[in-house]
Number of protein chains: 4
Amino acid sequence: MPGRKWAGSSRVRIERILVAVLWRVWLLSPALVLPALVLPALAQAQSSSAASVAPSVIEDLVAANRILADQGVLDGFGHVSIRHPANPTHLLMSRSLAPALTTAADILEYDPDCNAIDDRGRASFLERFIHCEIYKARPDVKSVVHTHSPGVVPFAASTVPLRPMYHMAGFLAVGVPVFEIRKAAGMTNMLIANAALGKALAETLGDKPVVLMRGHGNVVVGPSVQMAVFRAVYTEINARLQAQAIALGGPVTYLEPEEGAKTEITQQQVVMRPWELWKAKAMAGK
Amino acid sequence: MPGRKWAGSSRVRIERILVAVLWRVWLLSPALVLPALVLPALAQAQSSSAASVAPSVIEDLVAANRILADQGVLDGFGHVSIRHPANPTHLLMSRSLAPALTTAADILEYDPDCNAIDDRGRASFLERFIHCEIYKARPDVKSVVHTHSPGVVPFAASTVPLRPMYHMAGFLAVGVPVFEIRKAAGMTNMLIANAALGKALAETLGDKPVVLMRGHGNVVVGPSVQMAVFRAVYTEINARLQAQAIALGGPVTYLEPEEGAKTEITQQQVVMRPWELWKAKAMAGK
Amino acid sequence: MPGRKWAGSSRVRIERILVAVLWRVWLLSPALVLPALVLPALAQAQSSSAASVAPSVIEDLVAANRILADQGVLDGFGHVSIRHPANPTHLLMSRSLAPALTTAADILEYDPDCNAIDDRGRASFLERFIHCEIYKARPDVKSVVHTHSPGVVPFAASTVPLRPMYHMAGFLAVGVPVFEIRKAAGMTNMLIANAALGKALAETLGDKPVVLMRGHGNVVVGPSVQMAVFRAVYTEINARLQAQAIALGGPVTYLEPEEGAKTEITQQQVVMRPWELWKAKAMAGK
Amino acid sequence: MPGRKWAGSSRVRIERILVAVLWRVWLLSPALVLPALVLPALAQAQSSSAASVAPSVIEDLVAANRILADQGVLDGFGHVSIRHPANPTHLLMSRSLAPALTTAADILEYDPDCNAIDDRGRASFLERFIHCEIYKARPDVKSVVHTHSPGVVPFAASTVPLRPMYHMAGFLAVGVPVFEIRKAAGMTNMLIANAALGKALAETLGDKPVVLMRGHGNVVVGPSVQMAVFRAVYTEINARLQAQAIALGGPVTYLEPEEGAKTEITQQQVVMRPWELWKAKAMAGK
């Protein structure tokens, strides 16, 4: 029943108000916060699957879903996950749901084989194996984004490689591999719907931050959910800019790998600036 | 039940307008208000043509109109119909009206010859024959969408065929025919304004989900209103993606028919995910 | 002073509410309306320069300005005029102001030489001669729109002619001349800033509905303000669609003149459908 | 006076947050609220660095940041500065912050070597040297804008020169130089992160209004903050229009230098028209 997906939303709202109040009061006077921390409402607010995770971590994962929808990188499809902070072989990700509608109550925990720990009957994304297999293959990765990013799909279907137009996308300078599912499994429904396909995709990704998926979209990874979102947004923008530059008809100068590597150091420093902007916009009125 | 909360929305709207009018007139002169309270206009508020159809079915047809406007597939023109659930030779469609403004009270019923059952003087779409003739020719079709979808019009005028860029548009892999109205009727006003032209268009559509109309737009059909809307939205998006891919200058890999066929099975499973998102957005504040 | 441009807005609002109320009450019972028509508030609502013009006519001119801004055809620049209904050698147009901010109080009346009848110190558009000279040359024209329509500027600078992609822009099938100001006046500031340039532009327009201005934008005319707005919007959309079709690389089929002529008859019938939609959207909350 | 209504907006915002917090805490436990009412945080709300500058000047600088974000010229990055009106070797610019979030309290003052006069621990933009070095080199410049303007980045990476399509961008007719940071400093992180790079960039800018930065964006200068914003917006729009014109495939006629020079005189006269529109839109609800 569609009504089900709004279940618990009032609880979530109360949780969010409490977090906001406590954070602000903390800034004024930390001593005032302690009594509030034992309020029973808060205890009920936690989703059982995310019980051991700090609310601010869940909040940022929810924000990541809504930011990517608000920025036009995700539409009704696509997903974002984070590695479980306390249990690094597990991951946290929304149940099957349009990303723009995600709330804290929708976040589920998955084991290394992509089984939901406690889904209480709620459906999981068919392509969750993208996430499980990448976390296994890439210990450095703390967040994975899968999109049908509209600027990126044309490059995924083309022989023209995606390359960095400017410093905001310097992370692309290491090269952007393209995963051709036909090579891994012949004629399919294009989905990464099992562990074997997830593993093949992770192999094509290798040690890179982005892999394109022919006839599908892309996967973007990062050392934090903020960096993964940043890269997913600027991969989309860069793809559009590159297409425009190519259409001008003259030669195009891309960032060299050395330039790309140097820009990455700076991006780590400034990533919270757009994140705070995007988050404020995506969460407004929620 | 989701349908329940929209039940009676047309009555509610009329009551709201009356309340607003009476309130304003009251400010001018309280004495003028009393006679208005007994006006028979209110009694006519119910739509008789949709009387035998469940409110949730009408609601989804209204939502389809508003979703397609909200998603940029329809502007002030275009229309959506469904086959009458209880009387399958009849169809349900809005009176002549910009789709974004459709309400339950605007839905009319048409017989197989495209005569309105009870239009109470309200105008019908000039091109309603698109719908009537396709329902006759295609028993599998339960919903028909006609658009001037902006990404699609360039393909309708070009010899470059529309082809599927990714799994969301896998339904295009069976091929997308183009209807050239000059071949059917010479120099016209481009409209499918009678049964003969509707029949010619239905023949060009054949057993496909989408037909382009040269110098005009397209028609998209589906086994449900949700699938027809899904296909209309992703036909638009795919057209834009394909144009961008072509502009990159390299060869483009499209989905093969076998891939397209396999994606269609999945789309049937997930169609409600974007529908619920689009519907929530399109109906917000209505 | 910037505050000045909001002067009279509360008056305008009252006028608008009254008109809305009276229209609705009229539908219920015409007899109730008469007393309201003599309310003194209404008498104060009229702008002196538009004193002899029905409020609904002024309202539609205001709406035209806001619609074209809302639809992305006008930005901070551009203007819309109508021929004075009672004094056909005169015209009505906003004082110099961004079109999105136009109110009834901003509408001024101009004589055939483009002198404001009563500007009360308010500035006029530098390019008002576009309008004055076209009304002189074209008795059939009741409304003139001047824009920097973003889809159109590329065609104005190119040798590629603007041609109709679909029936919504069938009025372009008679051909779209391009005004090269260098031929009329050599090196200028590109503005139609006097009667001689206005006359030269009107000559290039000839008997057509649209003329492009190289390095500038376009002028669109119509037999009513609704038709002029309709044509300005669909000239913009058609330009974008044509650019996309050309970029696909294959031959493009445009509407033939005979097709274009036939579509124009239909457009006259349906023009109020998008107008009502656009007006409701552009005037919402104003 | 227009400035008047925004005066004290930062104080008002802080008061509003406090009221919201206290109200929520009051609901939890009224006793917790009293101590918070005497917190000294409120006393720190005034910006000391802008103490000697008229509020209306600060307001326009804040508006410039928000306008450029609202118009899509800036995203989470980029910055706007003005020359200090009373101390012309100094400049005023926001602390490191997404431009859309700028308030009067965020404006800092910098000395000629780009040291903040009183940052109270708040971070400055890494690339503030763009501004300091241009003010030194160009006494005529009163405002500097640095952007990653999306239409412009493709031209910055291409050999195709940016040229004026229409009178709104006539200021481009003097030529638009491109700064290649590799020539100045080899392989870098692409940022103008010190005075030497700022000086090199200022040299490439020369006496022009706009310089493109390869792999980065652009810098736009003007004799007032309104003109700098106007030029930044129309540089972006012109870039998009030029790309579309090139894609049409035929020769394109650009404004000649003489035409460009003449348009600049007019733009100075009309610059407040779009400024007032953009400002009203960008500051709405702030």
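The values are calculated or read from the model by the stated rules, or taken from the named source; none is laboratory data. Remember, it's a predicted structure, so these values are computed and weren't measured experimentally. Reconstructed Cβ throughout: ideal geometry from the backbone, glycine too, with neighbour counts over all protein chains shown. The protein model used for the area step is the full one, side chains on, heavy atoms only, and it has no ligands, DNA or RNA in it. Shrake-Rupley method; radii C 1.70, N 1.55, O 1.52, S 1.80 Å.
Data for the structure
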item: Breaking point among (1) at pLDDT below 95; (2) within 11 Å of chain A (Cβ to nearest Cβ), for D:G76; result: (1)
item: Pairs with Cβ under 8 Å, 6+ apart, first in region B:71-89 and farther than 13 Å from B:D111 by Cβ, second open to solvent by 40 Å² or more (accessible area, probe 1.4 Å) and among the hydroxyl-bearing types (S, T, Y); result: B:A86/B:S52
item: Residues satisfying the stated conditions in region B:90-139, i.e. among the small types (G, A, S) and touching a residue at least 60 places away in the same chain (Cβ under 8 Å); result: B:A104, B:A105, B:A116, B:A137
item: Top-ranked residue of region C:90-128 - restricted to ones that are of a type in the set (G, A, S) and assigned to a loop (DSSP other than H, G, I, E, B), ranked as farthest from the other protein chains (Cβ to nearest Cβ); result: C:G121
item: Count - residues of region A:64-74 that are crowded, with 24+ Cβ neighbours inside 10 Å and more than 19 Å from A:L92 (Cβ to Cβ); result: 1
item: Index of the failed condition, B:P257 passing every other in (1) crowded, with 19+ Cβ neighbours inside 10 Å; (2) within 11 Å of another protein chain (Cβ to nearest Cβ); result: (1)
item: All positions within region B:260-280 that are open to solvent by 50 Å² or more (accessible area, probe 1.4 Å), more than 8 Å from chain A (Cβ to nearest Cβ) and in contact (Cβ under 8 Å) with a residue 60 or more places away in the chain; result: B:A261
item: Those residues of region D:129-186 which are under 27 Å from C:A156 (Cα atoms), small (G, A, S), in a loop (DSSP other than H, G, I, E, B) and out of contact with any strand residue (DSSP E or B) (no Cβ under 8 Å at 6 or more places or on another chain), in sequence order; result: D:G151, D:G175
item: Conditions (1) surrounded by fewer than 22 Cβ atoms within 10 Å (Cβ to Cβ); (2) within 14 Å of C:V53 (Cα to Cα): number failed by C:P112; result: (2)
item: Any hit, region D:244-265, residues being of a type in the set (A, V, I, L, M) and modelled with pLDDT under 95; result: yes
item: Condition met for C:A193 (in a helix (DSSP H, G or I) and in contact with a Leu (Cβ under 9 Å, 6 or more places away or on another chain)); result: no
item: Of all residues making up region C:198-240, the number that are farther than 18 Å from C:T263 by Cα, within 12 Å of another protein chain (Cβ to nearest Cβ), part of a helix (DSSP H, G or I) and touching a Lys or Arg at 6+ places or on another chain (Cβ under 9 Å); result: 0
item: Complete set of residues in region B:48-89 that are assigned to a loop (DSSP other than H, G, I, E, B) and within 16 Å of the chain's Cα centre (by Cα); result: B:Q71, B:G72, B:V73, B:L74, B:D75, B:G76, B:F77, B:G78, B:H84
item: A:A193 being within 14 Å of chain B (Cβ to nearest Cβ), surrounded by fewer than 17 Cβ atoms within 10 Å (Cβ to Cβ) and either closer than 24 Å to B:G170 by Cβ or under 19 Å from the mean Cα position of the chain (by Cα) (or both); result: no
item: Sole residue being open to solvent by 20 Å² or more (accessible area, probe 1.4 Å), in contact with a strand residue (DSSP E or B) (Cβ under 7 Å, 6 or more places away or on another chain), polar (S, T, N, Q) and more than 24 Å from B:N238 (Cα to Cα), chosen from B:S94, B:S124; result: B:S124
item: Filtered residues of region C:241-254 (kept if touching a helix residue (DSSP H, G or I) at 6+ places or on another chain (Cβ under 7 Å) and more than 8 Å from chain B (Cβ to nearest Cβ)); result: C:A243
item: Residue among D:S149, D:S143, D:S81 that is within 11 Å of another protein chain (Cβ to nearest Cβ) and under 30 Å from D:E264 (Cα atoms); result: D:S149
item: Members of region C:132-170 that are over 30 Å from B:F77 (Cα atoms) and open to solvent by less than 10 Å² (accessible area, probe 1.4 Å); result: C:C132, C:I134, C:A157
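Okay, residues lined up against (1) assigned to a helix (DSSP H, G or I); (2) of a type in the set (A, V, I, L, M):
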residue: B:Q242; (1), (2): yes, no
residue: B:I246; (1), (2): yes, yes
residue: B:G249; (1), (2): no, no
residue: B:L255; (1), (2): no, yes
residue: B:E259; (1), (2): yes, no
residue: B:I265; (1), (2): yes, yes
residue: B:Q268; (1), (2): yes, no
residue: B:E276; (1), (2): yes, no
residue: B:K279; (1), (2): yes, no
